[in-house]
Amino acid sequence: MPSLTLKDIPVELMERLRSAARRERRSLTQQVFIFIEGGLAERDHRAGQPSPAAARQVARWRELAGRWASDESFADEVAALAEARTSGRTVDL
């Protein structure tokens, strides 16, 4: 796997990275990867490109499209799904 060495990192930036890593219970390297991936995903999003995760999800949906088989009508399937839903958990604000 390739590696990268960063030099002359500003002290304030390094402190922020370490703080974020501690807060998220990650290694410093893992946290830097998260930030780099997030920044690149945001840049791709602004350029109109889907993130790799979104592209994989869309590809999976396309694989599954048209495979649903049921003896029930569409309206009956939707009604059954709606009826099976719960109201969710109680939350005290």
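Derivation of every value follows stated rules applied to the coordinates shown; laboratory data play no part. Model, not experiment: these values are computed from the prediction. When we count neighbours, we look across all protein chains shown, and the Cβ atoms used for this are built from the backbone with ideal geometry, even at glycine.
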Among the listed residues R56, R46, R62, R67, which satisfies the condition of being of a type in the set (K, R), surrounded by 10 or more Cβ atoms within 10 Å (Cβ to Cβ) and at negative phi? R56
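Please tell me if L93 is in a loop (DSSP other than H, G, I, E, B) and more than 30 Å from E42 (Cβ to Cβ).
Yes, satisfied.
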Restricting region 70-93 to residues that are more than 30 Å from A20 (Cβ to Cβ) and β-branched (V, I, T), which is surrounded by the most Cβ atoms within 10 Å (Cβ to Cβ)? V78
Which of the residues spanning region 23-62 are in a loop (DSSP other than H, G, I, E, B) and farther than 26 Å from L13 by Cβ? G48, Q49, P50
